[in-house]
Amino acid sequence: MIRVLVADDSAFMRKVLADLFQKQPDFDVVGTAMDGKDAVKKVKQLKPDLVTMDVNMPVMDGINALAVIMESCPVPIVMLSSLTQKGTDATIRALSLGAVDFISKAGGSISRIDDIEEEILAKCRNAARAHVHRTSMAVKSQAVASVPPAMKRGELPRRQGMKLTTPAVAQPPAGQTTGVGGKRFNPLLQPRANAPAAASRPVPVMSGSVGTSKKLVVIGTSTGGPQALQNVITRLPGNLPCGVVVVQHMPSGFTKALADRLNSISQVSVKEAEDEEVIRPGYVYIAPGDFHLRIKEEGGTRKIKLSQEARVGNHRPAVNVMYDSAAPLGKNLVAVIMTGMGADGCEGMKKIKAAGGYSIAQNEPTCVVYGMPKAVVDAGLADEIRPLQDIANAIVEAVKR
């Protein structure tokens, strides 16, 4: 039985959701909350297995309530609001803070909730099985702000709209300059009292002459991925001598917001991938939602190819599609599989290993859902099994080989 708490400022919405769950044999509504503050209090009192959380609520909004809950008494949370479709930044922030998943109200109207009943039930059942972890209210990776890289990446072509200075309202502490691209000091990366040891690990540094490597890093992830990617990508050094390509299961419209957020808090440049784009060192490319991403090599130049061919394993983008296309790179490929439901990536990883590629899998204790990495590990395809906080360092070491 899944004990669920429904948090929404609309009395009508609370009733609609409560009635939906109560009709199901595997759900039990243990309470409702009318705002974020009420939700925090009732999570502590009722200890539910799952919370559905509206974003836009009075007193304390859903994002702040999520942050408090994930720091004080972690529980799987699914964000449910009309704002999650229009306000993609709010959705990405919620996922980065530890929300397991999100659902957008149909057309932004609570009167059409019946159109997405099956989606709500399926995502809530899956989320209730997730292994959530304690996080802080602020995006925490103090090492990025406090440890300078050995060498910043060279002057690569700048993307339109890239900010080169830190906003005036947030000045770096004494002795911490903004550096190239304004990324060495980041106001979002604030230290926290009693932060866990993982948060204080230094950013890996590529020593010696980095140049341009023949290597390529490919990362596949799904449920829990935005938070995991934040943990890994913000720890990559700015002078990483190769490109990184990512498939994150996410619908259209949200991957750009994810890329932009990661770009603002990372030393590497992060962007949503574009068709026929050349893969450059020190850049991370995230497959756009609803597009498969393949890697092709032409005359020694690696490019990204996007398509909207049929879904693979019910996914588009699919990790297997990216892995399959990258497998011919053989020993020059470093493949990473992280938290996610199902087994997407396992078949592709078989081809990568057969071609001589190197594989890194996230370990079970640090996964929100130990599905995709488990499939790879159980198949004997993982060269390394690492906790989330060590994956960036494992990538750096693998690229050096």
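The values are calculated or read from the model by the stated rules, or taken from the named source; none is laboratory data. Since the model is a prediction, treat every value here as computed from it, not as a measurement. Positions of Cβ are generated from backbone atoms using ideal geometry, with glycine treated the same way; all protein chains shown enter the neighbour counts.
Which residues, taken from the range 83-112, are in contact with a Phe, Trp or Tyr (Cβ under 9 Å, 6 or more places away or on another chain) and modelled with pLDDT of 70 or more? T88, T91, I92, A94, L95, F102, listed by residue number.
Scanning the range 69-82 for residues that are outside any strand (DSSP E or B) and modelled with pLDDT under 90 yields a total of 2. Residue check, S252 against (1) surrounded by fewer than 20 Cβ atoms within 10 Å (Cβ to Cβ); (2) in contact (Cβ under 8 Å) with a residue 40 or more places away in the chain; (3) in contact with an Asp or Glu (Cβ under 6 Å, 6 or more places away or on another chain), all met but one. Which one? Status for S252: all satisfied but (2).
If you go through the range 288-325 and pick out every residue that is farther than 18 Å from M341 by Cα, aliphatic (A, V, I, L, M) and surrounded by 13 or more Cβ atoms within 10 Å (Cβ to Cβ), you end up with 4.
Each residue in the range 325-340 was checked for being in contact with a helix residue (DSSP H, G or I) (Cβ under 6 Å, 6 or more places away or on another chain) and within 19 Å of L388 (Cβ to Cβ), and 6 of them qualify.
Could you please let me know if G348 is outside any loop (DSSP other than H, G, I, E, B) and out of contact with any Lys or Arg (no Cβ under 9 Å at 6 or more places or on another chain)? Criteria met by G348. Among the residues making up the range 320-368, those that are within 30 Å of V75 (Cβ to Cβ) and of a type in the set (A, V, I, L, M, F, W, C) are V336, I337, M338, M341, A343, C346, I360, A361, C367, V368.
Could you tell me how many of the residues in the range 291-342 are in contact (Cβ under 8 Å) with a residue 12 or more places away in the chain, assigned to a loop (DSSP other than H, G, I, E, B) and under 21 Å from the mean Cα position of the chain (by Cα)? Residues in the range 291-342 being in contact (Cβ under 8 Å) with a residue 12 or more places away in the chain, assigned to a loop (DSSP other than H, G, I, E, B) and under 21 Å from the mean Cα position of the chain (by Cα): 9 in total.
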